[in-house]
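Working notes, beginning with the structure itself.
The values are calculated or read from the model by the stated rules, or taken from the named source; none is laboratory data. Quick caveat, the model's predicted, so the values are computed rather than measured. For neighbour counting, all protein chains shown are included, and Cβ atoms are generated from backbone atoms with ideal geometry for every residue, glycine included. SASA here: full protein model, heavy atoms, side chains in, ligands and nucleic acids out. Shrake-Rupley method; radii C 1.70, N 1.55, O 1.52, S 1.80 Å.
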Amino acid sequence: MTDRREGAGLAELFSAHYLGMVRLAGLLGADDPEDIAQEAFARLHARRSLLRDDRAAIAYVRSIICNQTRNRLRHLRLARLRRTDPPLDAASSEHHVLVAERHRELLAALERLPRRQREALVLRYWLELSEQEIADAMGVSPGSVKTHASRGMAALSKALKEDHDA
């Protein structure tokens, strides 16, 4: 019989004070005042037998709300401090797929070029060698490097345009 009386007393206490406790939690700055108030009453229910005086129950609920709100605000403040901002220029997955497809198309067009043109372009644009370094690597004159690179760029542009149009 005592459990029913205590349950009824707790239900009455809840009915009478719940909205006030929600307001209290909200005024203290809780982002979830309903949850804080419900948690406070749940803790009261779990520890009601430890209270020496039933009149202290509402004061106990208030102290739980103050502590819970303070802890929640502290947690949120720390979470905001630790939050890392996303990279500014983070690309989407679709972007990565499109770039990979363009690279595949470029490499396929590059493979179709004559050997000397391909070598001149790879050495210039991928390895960023000077004309003299390219000439030394290919065993040709710097003028030949210019010719091969120019013809290679024209052929590559044409091939990529044809692939894009197709």
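Just a few scattered comments:
- Selection from the range 110-125 of residues that are touching a residue at least 40 places away in the same chain (Cβ under 8 Å), surrounded by 14 or more Cβ atoms within 10 Å (Cβ to Cβ) and under 42 Å from the mean Cα position of the chain (by Cα): Leu110
- Of Glu101, Glu128, all but one fail to be of a type in the set (Asp, Glu), on the phi > 0 side of the Ramachandran plot and open to solvent by 60 Å² or more (accessible area, probe 1.4 Å); the exception is Glu128.
- Close pairs from the range 96-109: first within 12 Å of Ser157 (Cα to Cα), partner surrounded by 12 or more Cβ atoms within 10 Å (Cβ to Cβ), Cβ under 6 Å, at least 6 apart: Glu105/Asp163; Ala109/Leu156; Ala109/Ala159; Ala109/Leu160
- Here Arg80 meets the list (1) within 30 Å of Ala37 (Cβ to Cβ); (2) of a type outside the set (Ser, Thr, Tyr); (3) open to solvent by less than 100 Å² (accessible area, probe 1.4 Å); (4) under 27 Å from the mean Cα position of the chain (by Cα) almost entirely, failing just condition (3).
- Test result for Ala155, among the small types (Gly, Ala, Ser) and either in a helix (DSSP H, G or I) or in contact with a Leu (Cβ under 6 Å, 6 or more places away or on another chain) (or both): yes
- Members of the range 15-45 that are open to solvent by 70 Å² or more (accessible area, probe 1.4 Å), modelled with pLDDT of 90 or more and over 20 Å from Asn71 (Cα atoms): Ser15, Ala16, Leu19
- Test: residue in the range 59-74 that is open to solvent by 60 Å² or more (accessible area, probe 1.4 Å), without any contact (Cβ under 8 Å) to a residue 12 or more places away in the chain, within 32 Å of the chain's Cα centre (by Cα) and more than 24 Å from Leu10 (Cβ to Cβ): yes
- Some residue of the range 148-161 being more than 42 Å from the chain's Cα centre (by Cα) and open to solvent by 100 Å² or more (accessible area, probe 1.4 Å): yes
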